[in-house]
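What follows is a set of notes on a single structure, which appears directly below.
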């Protein structure tokens, strides 16, 4: 087990989102200050230097730290350094506290990606972890102990509306996945998950799990994004005319989720001549060895005779 510590304003609202598979426990508390074992009242006075934060104990073999970072970014306004929503004061500042150099590196990379996604300066501090003091018992799992008060607070503070406005209802998507699939954002070339993946398997819709593309049809086009000659099923994708950015292109969308996938061009290899240029963030890759286990056994036929 490892620990991750995040500050994002009121810890009542920060605790619940981290209860995910692979997370053992989540505790609200205080960190980053100088006074040993402070009380809630002392922290609220703004004199101890502490942040309200949550400590997440997780199994990195089940849920990676980067996934926790994705959850964190979607709970806060990362452009506000002096508090969060209706909560103002030093104790409500946003920060990521890293416990080792690997967490520091991932947090900094994630922060840079968020700046690209939203086009504004991220004002979240990335700091070395300091002693974490658990909050008083009545604060723990407040969303269960006082659900009406919790929901009212989250709504009245402005946090709920901010999250809904910026991230919609797709809570399971990372910020990058949401921007690509729901706002037609294009991820960076040569800096995405699958552009150089050469393993056998299929690529499915990140939202619905519907099979979209196969490694049997994947090729290196030199563009820096996953490229395919065709989808596994024509009905799995739909097309729209795209005149954005001063260009005329054909957009490719997933039929089941209506997600933006990428674009199709007519400069692919023979005999089809098509190049489906797809964002990695819109896809999930399932290796050939896991197809049967994950319920996609019927697609093993795509690889029959491969390598002969």
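Is one or more of the residues making up segment 9-31 part of a loop (DSSP other than H, G, I, E, B) and more than 29 Å from residue 168 (Cβ to Cβ)? It would help to see each step written out before you state the result.
Within segment 9-31, the first condition is being part of a loop (DSSP other than H, G, I, E, B), and the residues that meet it are 9-10, 19-22.
Going one step further and asking which of them are more than 29 Å from residue 168 (Cβ to Cβ), we end up with none.
Checked against the condition, which is being part of a loop (DSSP other than H, G, I, E, B) and more than 29 Å from residue 168 (Cβ to Cβ), segment 9-31 yields no hits at all.
Kindly evaluate residue 190 against the criterion of being at pLDDT 95 or above, over 18 Å from the mean Cα position of the chain (by Cα), loosely packed, with under 15 Cβ neighbours inside 10 Å and not assigned by TED's automatic domain parsing to the domain that holds residue 96. Yes: the conditions hold for residue 190.
Matching residues to (1) farther than 24 Å from residue 199 by Cβ; (2) surrounded by fewer than 15 Cβ atoms within 10 Å (Cβ to Cβ); (3) in contact (Cβ under 8 Å) with a residue 60 or more places away in the chain:
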| position | (1), (2), (3) |
| --- | --- |
| 217 | no, no, no |
| 235 | yes, yes, no |
| 276 | no, no, yes |
| 303 | no, no, yes |
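When segment 278-295 is filtered for residues that are on the phi < 0 side of the Ramachandran plot, surrounded by fewer than 18 Cβ atoms within 10 Å (Cβ to Cβ) and in a loop (DSSP other than H, G, I, E, B), the ones remaining, listed by number, are 292, 293, 294. For segment 41-62, the set of residues classified as within 15 Å of residue 5 (Cα to Cα) and crowded, with 16+ Cβ neighbours inside 10 Å consists of 50, 51, 52, 53, 54, 55, 56, 58, listed by residue number. For residue 231, state whether it is within 26 Å of the chain's Cα centre (by Cα) and assigned to a loop (DSSP other than H, G, I, E, B). Spelling it out, residue 231 is indeed within 26 Å of the chain's Cα centre (by Cα) and assigned to a loop (DSSP other than H, G, I, E, B).
The set of residues from segment 40-76 being assigned to a loop (DSSP other than H, G, I, E, B), touching a residue at least 60 places away in the same chain (Cβ under 8 Å) and over 13 Å from residue 10 (Cα atoms) comprises just one member, 74. In segment 126-137, is there at least one residue being in contact with a helix residue (DSSP H, G or I) (Cβ under 8 Å, 6 or more places away or on another chain), in a helix (DSSP H, G or I) and either surrounded by fewer than 16 Cβ atoms within 10 Å (Cβ to Cβ) or at pLDDT below 95 (or both)? No: segment 126-137 contains no residue that is in contact with a helix residue (DSSP H, G or I) (Cβ under 8 Å, 6 or more places away or on another chain), in a helix (DSSP H, G or I) and either surrounded by fewer than 16 Cβ atoms within 10 Å (Cβ to Cβ) or at pLDDT below 95 (or both).
The values are calculated or read from the model by the stated rules, or taken from the named source; none is laboratory data. This one's a predicted model, so the numbers in the text were calculated from it and none came from an experiment. Ideal geometry is used to build each Cβ from the backbone, glycine not excepted, and the neighbour counts take in all protein chains shown.
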